[in-house]
Structures are given as C-alpha cells and as structure tokens.
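Working notes for the structure below.
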Amino acid sequence: MEKDRKLIIAGNWKCNKTVAESVALVTDLKRDLASVKEVDIVVCPAFTALDAVSKATPDSNIRVGAQNMGENGYGAFTGEIAAGMLRDLSVRYVILGHSERREYQRETDAIVARKAAAAHAASLIPIVCVGETLGEREANITNEVVEKQVRGSLAGLSAEQVEGTIVAYEPVWAIGTGKTASSAQAQEVHAFIRKVVASLHGDAVARRVRIQYGGSVKASNARELMSQPDIDGALVGGASLEAKSFVDLIKNSI
Ligand code: PGA
C-alpha cells in the first residue's frame, strides 16, 4: 500500500553479538538488501560494535543506530556515551526509552525526553519507544498509558523535532514473546498516537511523523502489519539477529 511516509525498519540487536559477528551480519545485509530503495534500513548493534559496523556500511543503504545514550553530553559522567560520540562514529539514529530500559534501568518519560532533546541537538534521529504492559491492556488503559508516554517522552521538543522523531509503538507483552498485536490492534494504537501528536503540534506534523510497530515482527506477519495505514515501519528484535529473517522481513514489507 502506498503511503506518503517512507517505511523505516530497524533491527535492534540488543545485548547480542561480538564485533566480528556484527560485521559479518551487516556484510550479509549489505549484499542482500542492496537493491532495496523503498525502505529506510537501520541496524542498532551494541556500543562495542558501532564503530566496526559503521565502517562496514559507508557506501550502502544501511544506516547505523545506537540502543541508548547519555542525556548530558561530554563531561564527568562515568560509563555514559554522549550523543556527540555517536555522531563521531557516523551513527544516525538512537533508540530511546525501550521498555527494557524503562523496566531494568528505571528510565522515565522525563529522562527519555531529555535524551531525545540531546539527540536532536547532535543531529541524531531518536527512535522513542512507548507501549503498554499486558496488565495495562487488560485493564483497558492502553490509550491513557501510551498518551502519557508520548506526551512525556516528547516534552520540550519543537514541532520540527517531533516531526523528525521516530515513535516506536511496542506493546510490552508482544516483545520477544512471539505474541504480536493483531494488525487491527496495532493500527488502532498507531492512529491514536498520531492523534496525540496532532493535539501537541498540529495535523501536518502528525501526518508526517513516522510510527514504527515493534513486538515479535517477523517475515510472516510483516506484510499485514506494514499495510496498515498508520504503521510506517518496524522495530525488530529477534528476527533482526540473522540475515535471512531480517532480509525476508524487509522484502515482505515492500
Ligand atoms: P522482538 O523485539 O522483535 O524480539 O519482539 C522487539 C524490540 O524489543 O524492539
């Protein structure tokens, strides 16, 4: 289905792969996806492999993203990675507020918003993740939860910055579980997120912002999900760890 917004499909490799394994994977992807023009393709390796993966992709249609960054920039922040350091490695994207970080590192919407602002200030494109837990869905508060996360995580960004942000809707109960939201369930929340963005920054920004779906996306369900009017791509965990499954997923999305 034709959309004004270009699809963006990102592989989130999470805490997986050595440098050599990461380079081997991106080399295969480069070969097998060279002809794909219809989709913005992003891979997000661990910090330790960013430099090598970045150096393996300069003349390709594959862009590199990080999975997190510090909110403060350079300075006395032991263990952190500044946005400028990512830019220095030719990284273009950064995943922020993934549900695993919200859960294990206690990242809040306010932290995510500060990181998103720092990312934009360094000309990185943030991929801001939101999504409800199973308990929240069962309690029928999905919209409230997602609205609060969207408003809180984009707080302080200008209209132009929000338009240049990727929002990833990832129901927590669908991540790594094999349970995908049905395309209708996902579409409903995506349309709702677009409405929230419209209420913040107007219809034009809402029409242009790209909203990815994430949670057990694979080659077999990608086409149906991507054909929904408000789904503009995917954030992919498990199925991005091997070349064939990620390549098939992308080719099935076109
Ligand atoms: P999954 O992960 O595709 O393995 O469900 C998605 C994500 O966490 O971004």
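The values are calculated or read from the model by the stated rules, or taken from the named source; none is laboratory data. Bear in mind the structure is a predicted one, so any value in this text is a computation, not a measurement. Don't worry about glycine lacking a Cβ; one is built from the backbone with ideal geometry, like all the others, and counts go over all protein chains shown.
Hey, does the range 67-77 have a residue that's surrounded by 14 or more Cβ atoms within 10 Å (Cβ to Cβ) and more than 20 Å from residue 121 (Cβ to Cβ)? Scanning the range 67-77 turns up no residue that is surrounded by 14 or more Cβ atoms within 10 Å (Cβ to Cβ) and more than 20 Å from residue 121 (Cβ to Cβ). Contact map, the range 8-30: first residue among the polar types (S, T, N, Q), second residue within 13 Å of the ligand (Cβ to nearest atom) and assigned to a helix (DSSP H, G or I), Cβ cut-off under 8 Å, separation 6 or more or different chains; pairs are 12/240.
Taken together, the residues in the range 171-193 that are more than 9 Å from the ligand (Cβ to nearest atom), aliphatic (A, V, I, L, M) and within 17 Å of residue 239 (Cβ to Cβ) amount to 2. When 112, 26, 94, 36 are checked against the criterion of being under 17 Å from residue 250 (Cβ atoms) and not in a loop (DSSP other than H, G, I, E, B), a single residue qualifies: 26. Here residue 240 fulfils each of the conditions (1) surrounded by fewer than 21 Cβ atoms within 10 Å (Cβ to Cβ); (2) within 16 Å of the ligand (Cβ to nearest atom) apart from (1). Summed over the range 202-254, residues that are in a helix (DSSP H, G or I) and β-branched (Val, Ile, Thr) total 3. On the basis of being in a loop (DSSP other than H, G, I, E, B), in contact (Cβ under 8 Å) with a residue 12 or more places away in the chain, under 30 Å from residue 29 (Cα atoms) and not small (Gly, Ala, Ser), does residue 128 make the cut? In short, no. Out of the residues in the range 148-172 that are in contact (Cβ under 8 Å) with a residue 60 or more places away in the chain and touching a helix residue (DSSP H, G or I) at 6+ places or on another chain (Cβ under 9 Å), which is surrounded by the fewest Cβ atoms within 10 Å (Cβ to Cβ)? Per the criteria, the residue is 172. Pairs linking a residue in the range 86-113 that is small (Gly, Ala, Ser) to a residue that is surrounded by fewer than 15 Cβ atoms within 10 Å (Cβ to Cβ) and modelled with pLDDT of 95 or more, with Cβ atoms under 8 Å and 6 or more positions apart or on different chains, are 113/156. Scanning the range 97-109 for residues being of a type in the set (Gly, Ala, Ser) and either exposed (fewer than 15 other Cβ atoms within 10 Å of the Cβ) or outside any loop (DSSP other than H, G, I, E, B) (or both) gives a total of 1. Out of 196, 145, 94, one residue alone is of a type in the set (Val, Ile, Thr), under 17 Å from the mean Cα position of the chain (by Cα) and surrounded by 16 or more Cβ atoms within 10 Å (Cβ to Cβ). It is 94. For the range 215-237, the candidate set comprises residues that are touching a Gly at 6+ places or on another chain (Cβ under 7 Å) and small (Gly, Ala, Ser); within that set, the residue that is nearest to the ligand (Cβ to nearest atom) is 237.
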